[in-house]
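One structure is given below, encoded as structure tokens.
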Amino acid sequence: MVRHIVFLKLSDHSEKNKEFVKDKIMSMKGKIDYLRHLEVGVNFSPEDRAYDLALICEFDNKEDLKRYATDPIHVEVLQFLKSINTQTKVVDYQF
């Protein structure tokens, strides 16, 4: 199994915007058959170093993660995130 974790820092840190972005990302759920798990958490830590959202995805293997990178459903979400100037950090690992 492969876990893909992305931390997202939004330019608009309002709770309303965080929930909107979370819903946009979660709209992928059930639409990509090889995406085994999709979870988005909204950060509540007030620290300056904190990011606003955490995305956790799970795949059967590295090949499926690679497919996900170019999947049209995922690409649409990526384009949205780029359009709102989202900063990201990523960690991918096998477990």
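The values are calculated or read from the model by the stated rules, or taken from the named source; none is laboratory data. All values derive from a computational prediction rather than experimental measurement. Don't worry about glycine lacking a Cβ; one is built from the backbone with ideal geometry, like all the others, and counts go over all protein chains shown.
Residue by residue, here is whether (1) surrounded by 14 or more Cβ atoms within 10 Å (Cβ to Cβ); (2) at positive phi; (3) at pLDDT below 95; (4) in a strand (DSSP E or B) holds:
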| position | (1), (2), (3), (4) |
| --- | --- |
| LYS18 | yes, no, no, no |
| LYS29 | no, no, no, no |
| ASP48 | no, no, yes, no |
| GLU63 | no, no, no, no |
| PHE80 | yes, no, no, no |
| VAL91 | no, no, no, yes |
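Which one is modelled with the lowest pLDDT among residues in the range 1-15 that are within 12 Å of ASP52 (Cα to Cα) and surrounded by fewer than 18 Cβ atoms within 10 Å (Cβ to Cβ)? So the residue we want is HIS13.
Between GLU58, GLU76, the distinction of being surrounded by 12 or more Cβ atoms within 10 Å (Cβ to Cβ), outside any loop (DSSP other than H, G, I, E, B), without any contact (Cβ under 8 Å) to a residue 40 or more places away in the chain and at negative phi belongs to GLU76 only.
The rows are residues; the columns are (1) over 18 Å from PHE7 (Cβ atoms); (2) of a type outside the set (A, V, I, L, M); (3) within 15 Å of the chain's Cα centre (by Cα).
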site: MET26; (1), (2), (3): no, no, yes
site: LYS31; (1), (2), (3): yes, yes, yes
site: ARG49; (1), (2), (3): no, yes, no
site: LEU65; (1), (2), (3): no, no, yes
site: TYR68; (1), (2), (3): no, yes, yes
site: GLN79; (1), (2), (3): yes, yes, yes
site: LYS82; (1), (2), (3): no, yes, yes
site: LYS89; (1), (2), (3): no, yes, yes
site: PHE95; (1), (2), (3): yes, yes, no
